[in-house]
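Have a look at the structure below before the remarks.
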Amino acid sequence: MKTEQQLRTEIKSLVGEYFEVAHRPKLEAPFVAGETRVNYAGRMFGAEEMLNLVDSSLDFWLTSGRYCDQFERSFSQKLGVKYTALVNSGSSANLVAFYSLTSPLLKDRRIRKGDEVITVAAGFPTTVAPIIQFGAVPVFVDVKVDDGTYNIDVTQLEAARTDRTKAVMVAHTLGNPFDLDAVKAFCEKHELWLVEDNCDALGSTYKGKLTGTFGDIATSSFYPPHHLTMGEGGAVYTSKPLLKRSVESFRDWGRDCWCPSGKDNTCNKRFGWKLGQLPEGYDHKYIYRHLGFNLKVTDMQAAIGCAQLERLDSFTEARRSNWLRLREGLSNLKDQLVLPEPTEGASPSWFGFAMTVRESASFTRNEICEYLEENKIQTRMLFGGNLLRHPAFDELRDQPGALRVVGELPQTDRIMMNTFWVGVYPGMIPNKLDYIIDKIQSFARK
């Protein structure tokens, strides 16, 4: 009879063969202009991801385990942060990151219901949703369009602040870092928390330092279109020990215990605690510090992530190269399109290539998007455009004190009406990029 290790080796060998037969031909299929769909993003993977996935499944440790531990250590080392906590999605990462700032552990600095958090409406809803779900007040400021960055207008920060302001929570738009010098200085001046939504910007740098490492806490998403994928998955990371404890508690049911899954008595006083109004000696594994969630990732997802993390540098290089090819190929259209520009001092790991149709152009955003889609080029809006215009905000807009807006958000509305983007992910081979350039150029000429 074969041993467990022999069988595992044979299975993994077959998985490698299966990848070569079933997946490599699809990943390397030739591009046929006008016939092949040019997606804005997609999974980029090799045999290593499948081998890790199967290896994890053979362990049959279905919750967080050895691969989760490996990814958290490696990810922390890669970014130069002290702590990483894996969660089941980028949206969950934003939820946990924000809720971690509401913990009584933070004493006077905790965010309480009714406190204000500065953010933007031009983005993805789950950057804003945790603020509202907790009962804090989002304060919306405008963004910048004409400079091609699509990021927060830092000149509005002081006007947005009140005595109730406790934090700034914003994303790096499409991988382009916002003005971190200005935002960080503002937060330090007023003792505010800075939450970096880094879900679209993993690998981006600002003045030589990786995004996600400037704020008090940051998040990443590992959904397939993002810089790394686990299928679903996300991460919260920080270098502050107290926030680490809060993050892990909110992620893991709100418990006070920090034992990993399957472990007991890490604190060496499991039955020696006296907390809350519980009797002395109550089992620490079932003492709850917060009203938390269960947002853990599975070890099979983390196994995929471990292989993906090895590819991050090459993915980042490809995204930058692809963005540059589009930027150079469309540079003559500045009179009709606002073309993207990196923030001064930034080297983005681009998530997409944004364009805003100028009012003087002879066509509309919808017209060019319909044309590109008809020619099998996938387009995307800049997420929610203006989140405040969505049905989810119908009741909140009329509810006194539920939110606050600085000014009229004209540039946010402009994004809603006139902005779209196309992809630059590593699967965008030169022929695809040149096809996108050709179709945009031909449409503009018409």
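Coordinate-derived values only; no laboratory data. Everything numeric in this text was worked out from a predicted model, so none of it was measured. Glycine gets a Cβ as well: all are built from the backbone with ideal geometry, and neighbour counts include every protein chain shown.
Highest mean packing comes first when the peptides 87-97, 42-52 are listed by Cβ atoms within 10 Å, giving 87-97, 42-52.
Counting only Cβ charges, +1 for Lys and Arg and -1 for Asp and Glu, the dipole size of the chain around its Cα centre is about 920 debye.
Ordering His23, His226 by the number of other Cβ atoms within 10 Å of each residue's own Cβ, fewest first, gives His23, His226.
For segment 305-313, putting each phi into the Karplus relation 6.51 cos²θ - 1.76 cosθ + 1.60 with θ = phi - 60° gives couplings of x, 4, 6, 5, 4, 5, 9, 4, 4 Hz, in residue order, rounded to whole numbers and with x for Gly and Pro.
Spherically averaged projected area of the convex hull of Cα atoms, the chain: 24.5 nm².
For Ser362 and Ser321, a Förster radius of 25 Å and the Cβ-Cβ distance give a FRET efficiency of 0.20, rounded to the nearest 0.05.
Taking packing as the residue-averaged number of other Cβ atoms within 10 angstrom, the listed peptides 145-153, 253-261 run from highest to lowest as 145-153, 253-261.
Comparing Ile429, Ile304, Ile217 in a Gaussian network model of the chain where C-alpha atoms under 10 Å apart are linked, the largest mean-square fluctuation is found at Ile429. Computed over segment 1-132, relative contact order equals 17 percent, with contacts defined as Cα pairs under 8 Å that lie 6+ residues apart. Sequence neighbours fewer than 8 away in the same chain don't count; with that in mind, list the lysines whose C-alpha is under 29 Å from Lys207. By straight Cα distance, Lys207 reaches Lys78, Lys82, Lys144, Lys166, Lys184, Lys189, Lys240, Lys244, Lys334. Share of Cα-Cα pairs in segment 312-445 beyond 23 Å, in percent? Pairs farther apart than 23 Å: 41 percent. How about Lys26: which aspartates and glutamates have a C-alpha closer than 17 Å to its C-alpha, ignoring those fewer than 8 places off in the same chain? Candidates past the 8-residue exclusion: Glu17, Glu35, Glu48, Glu49.
When Asp197, Asp181 are ordered from fewest to most other Cβ atoms inside 10 Å of their Cβ, what list results? Display every interim value, and only then the final one.
Numbers: Asp197 29, Asp181 15.
By the 10 Å Cβ count, ascending, the order reads Asp181, Asp197.
The convex hull drawn around the Cα atoms of segment 1-146, when projected onto a plane and averaged over every direction, covers 15.3 nm².
Using Cα-Cα distances under 8 Å and only pairs 6 or more residues apart, what relative contact order does the chain have, in percent?
Value for the chain: 22 percent.
By other beta-carbon atoms within 10 Å, ranking Cys68, Cys199 with the fewest at the front produces Cys68, Cys199. Only beta bridges with both residues in the chain are counted; by DSSP, about 55 percent of them are antiparallel. Could you tell me the distance between the Cα centroids of segment 181-236 and segment 319-352, to the nearest Å? Each part's Cα centre sits 21 Å from the other's. Using a simple spin-label model with pseudo-atoms 7 Å out from Cα toward Cβ, Glu20 and Glu370 lie 4.9 nm apart. Placing unit charges on each Cβ (+1 for Lys and Arg, -1 for Asp and Glu) gives the chain a dipole about its Cα centre, and among Ile131, Pro410, Thr205 the Cα reaching farthest toward its positive end belongs to Ile131.
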